[in-house]
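Written below as structure tokens is the structure these notes are about.
The values are calculated or read from the model by the stated rules, or taken from the named source; none is laboratory data. Treat the numbers as computed from the prediction; the structure is a model and nothing was measured. Here the Cβ positions follow ideal geometry from the backbone for every residue, glycine too, while neighbour counts run over all protein chains shown.
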Amino acid sequence: MQRCSNGKGLQRNSCWFDRIIFRVLVFILIGIGLFIIIGHIFMPKRFSYAQSSEDGKLRYYYNEEKDSIDVLILGTSHAYRGILPMEMYQLYGIKSYNLATSTQPIEVTYYVLREAIKYQSPKVIIWDVSNLYIDNASEARWKLVTDEMKIGVNKISLIREYLKKAENAEEIYTYLFPLPEYHTRWKELLKQDFELFDKNKHYFGKGGQVSSVMREATSVDEMNSFVNRMIRNNEKVVYEYHDGEENENREWDVLYSTEIPVANVEWFFKIKKMCDENNIQLLGVKVPAIEEPQRYSSAWTLAKYDRTKAFCEENGVAYYDLLYDTDVGLDWTKDTIDAGRHLNLYGAQKVSANLGNYLTGHYELPNEHNVQWDKDLKSYEKVRKVVLLELEQDFVTYVNMLEDEYKDNMIFITVSDEMTVGLNEADINALRNLGLQADYSKALQHSYIAVIENGAVQYEALSNRPLDYSGVCSQSGKEYELHSSGWWTVANASIKIDGVEYAVNTRGLNIVVYDNERDLVLDSVAFDTWAEVHPSIRNDSMTNRFKDAFERYIVEVEDK
């Protein structure tokens, strides 16, 4: 800036004016900087720490080494839960990143791709085709991406596309800067909200989410049977009654349609053109998703498959359907989270293995391992190991997993009501392998408590009256309190650690697995060993919290 002299008049006034302008500009810049920083603090940071973790992916994607990703995965929640990059890396050396989000509108897919290729040079784009049929996604589904995308042309263009479709939308600046929307979170702020820079620049899951909940689904045949009935039911009939007369009104009304919205077709061509211009091969895929179609519009029916496959063939895009073009080997009684709509780890492993095999057979992709990805794989394997424990339903297999893989943890066992009627020789042998000695022939409708720490039984007791036992975890220093009451004395089971209840508290053996070193509960399950088949019972929300807490620990502590 020009230095002022001791002169008078216009020159001095000009210098004074320059200083004022400079100070104002500095003040504005500081204000903008504080506004952005405070906005970052208040914006929710869910990924990778919660089941709603479809957002936050771009934040980690930006930190990947430039031009290190060969395959990008785009689309809806079917893809981010069903395609696991680290599974494909372990099996085939494919380096992929999953940028799919829940109910991702096709416009969002376009701009995510446009933003993503600024930082990577992928050879293949895997696009889950579900969003060909999405034309009414809520504001929250758009904000999963707009909140995380860096400020620039792509973010502004994407917000403008949303504003064209939105009703009662806010001004564009409210989408560019998150503070106005999230300022009310001040009561919810946690330590990680104030961490302005990522401790770990690489998220080990590469955008894929492992899920540890299991819920049985309907069958594919039953789903398509419902659709056929809906297709035939294409007439609306209304009966009106007045003065003892019945009036019948009929009109054409399609109950189920596979028509692709015209606007989505236009966005499809934009995506295809972008891929062509950047020498990227576009592969349409469909991750299996089944449900009664009248309940779930994204159920992947045979009718939608036929329409989508024909559409892709007509427009020169490769298409691979993981439900109808191949047998992935899904077990619809065990492989889904929510009765068929999304896959848990069991299902996602099968889909990822099949898709990885398809990619290696149809595309020239490098099979190169590197130090960072191998490190990320080790972190992923830690989480996968815990999720597999949380998913296990067979009693003997579960107890054997405790013996083989969780000796260094604490295992708490209490009984509610009755535990012995359904016990067989294999069950008892598995319990013996844990070091337990109780004579279960004397345990009918009795109370029972066992504590195992570092592979050794610390306490075991059986009684026809209620039992209580307490102690201190050797490494974490947390106190625990156990209670068991059999059928004779108001059935109840309790396992408290640091005053928090973790027992499922249902009939049979209630088990809690506690990681003493990390101070984390890994699983809580009850096996109804009164019944012959020993059904397992878990609290889904509790299991989700266990998995999220463990994943968060890996990211924030072990991978930082």
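Select from segment 412-447 the residues that are touching a Phe, Trp or Tyr at 6+ places or on another chain (Cβ under 9 Å) and part of a loop (DSSP other than H, G, I, E, B) and list them in ascending order.
The answer is E418, M419, T420, V421, G422, L423, A438, L444, Q445, H446.
Can you tell which of K309, K286, K304 is over 26 Å from R114 (Cβ atoms), among the basic types (K, R) and surrounded by 21 or more Cβ atoms within 10 Å (Cβ to Cβ)?
K304
Return yes or no: is S476 buried (at least 16 other Cβ atoms within 10 Å of the Cβ), within 22 Å of T543 (Cα to Cα) and small (G, A, S)?
Spelling it out, S476 is indeed buried (at least 16 other Cβ atoms within 10 Å of the Cβ), within 22 Å of T543 (Cα to Cα) and small (G, A, S).
Going by the structure shown, is A289 assigned to a loop (DSSP other than H, G, I, E, B), closer than 30 Å to L330 by Cα and of a type in the set (A, V, I, L, M)?
yes
Could you tell me which numbered condition V383 fails, if it satisfies all but one of (1) farther than 20 Å from N539 by Cα; (2) β-branched (V, I, T); (3) assigned to a helix (DSSP H, G or I)?
Looking at each condition in turn, V383 falls short on (1).
Tell me, which residue of segment 205-245 that is over 25 Å from the mean Cα position of the chain (by Cα) and within 30 Å of K350 (Cα to Cα) is surrounded by the most Cβ atoms within 10 Å (Cβ to Cβ)?
Step by step, filter segment 205-245, then rank; the result is V227.
Please state which one of E64, E87 is at pLDDT 80 or above, under 19 Å from M149 (Cβ atoms), assigned by TED's automatic domain parsing to the domain that holds N154 and acidic (D, E).
On the way: E87 fails: under 19 Å from M149 (Cβ atoms).
After ruling out the rest, the residue left standing is E64.
Anything in segment 273-292 that is under 18 Å from F311 (Cβ atoms) and without any contact (Cβ under 8 Å) to a residue 40 or more places away in the chain? List them, or say none.
Answer for segment 273-292, where residues must be under 18 Å from F311 (Cβ atoms) and without any contact (Cβ under 8 Å) to a residue 40 or more places away in the chain: K273, D276.
Go through the residues of segment 322-345 one by one and say whether even a single one is touching a strand residue (DSSP E or B) at 6+ places or on another chain (Cβ under 6 Å) and at pLDDT below 95.
No, segment 322-345 contains no residue that is touching a strand residue (DSSP E or B) at 6+ places or on another chain (Cβ under 6 Å) and at pLDDT below 95.
Residues checked against (1) at pLDDT below 95; (2) part of a helix (DSSP H, G or I); (3) among the hydrophobic types (A, V, I, L, M, F, W, C):
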{"residue": "A348", "(1), (2), (3)": "no, yes, yes"}
{"residue": "V351", "(1), (2), (3)": "no, yes, yes"}
{"residue": "L355", "(1), (2), (3)": "no, yes, yes"}
{"residue": "L359", "(1), (2), (3)": "no, yes, yes"}
{"residue": "E368", "(1), (2), (3)": "yes, no, no"}
{"residue": "Q372", "(1), (2), (3)": "yes, yes, no"}
{"residue": "L377", "(1), (2), (3)": "no, yes, yes"}
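Among the listed residues L444, L388, identify the single one that is under 31 Å from the mean Cα position of the chain (by Cα) and surrounded by fewer than 17 Cβ atoms within 10 Å (Cβ to Cβ).
On the way: L444 fails: under 31 Å from the mean Cα position of the chain (by Cα).
Selected residue: L388, the only one of L444, L388 that is under 31 Å from the mean Cα position of the chain (by Cα) and surrounded by fewer than 17 Cβ atoms within 10 Å (Cβ to Cβ).
Between a residue in segment 390-408 that is within 24 Å of Q475 (Cα to Cα) and touching a residue at least 12 places away in the same chain (Cβ under 8 Å) and any residue that is hydroxyl-bearing (S, T, Y) and surrounded by 16 or more Cβ atoms within 10 Å (Cβ to Cβ), which pairs come within a Cβ distance under 7 Å, given they are 6 or more apart or on different chains?
Listed pairs, sorted by first residue: E390/S212; E390/T543.
Taking segment 304-336 as the region of interest, how many residues are of a type in the set (F, W, Y) and not in a loop (DSSP other than H, G, I, E, B)?
Number of matching residues: 4.
Could we say that I126 is surrounded by 23 or more Cβ atoms within 10 Å (Cβ to Cβ) and in a strand (DSSP E or B) here?
Details: surrounded by 23 or more Cβ atoms within 10 Å (Cβ to Cβ): yes; in a strand (DSSP E or B): yes.
Criteria met by I126.
Can you pull out every residue in segment 297-329 that is hydrophobic (A, V, I, L, M, F, W, C) and within 15 Å of V265 (Cβ to Cβ)? Break it down stepwise before answering.
At the first step, the residues of segment 297-329 found to be hydrophobic (A, V, I, L, M, F, W, C) are 299-300, 302-303, 310-312, 317-318, 322-323, 328.
Within segment 297-329, A310, F311, C312, V317 meet the criteria.
Tell me which of these K273 doesn't satisfy, since it passes every other one: (1) assigned to a helix (DSSP H, G or I); (2) under 21 Å from A79 (Cβ atoms).
Among (1) assigned to a helix (DSSP H, G or I); (2) under 21 Å from A79 (Cβ atoms), K273 violates only (2).
Filtering segment 231-271 down to residues that are of a type in the set (F, W, Y) and under 24 Å from I106 (Cα atoms), which residue is modelled with the lowest pLDDT?
Among residues in segment 231-271 that are of a type in the set (F, W, Y) and under 24 Å from I106 (Cα atoms), the one modelled with the lowest pLDDT is Y256.
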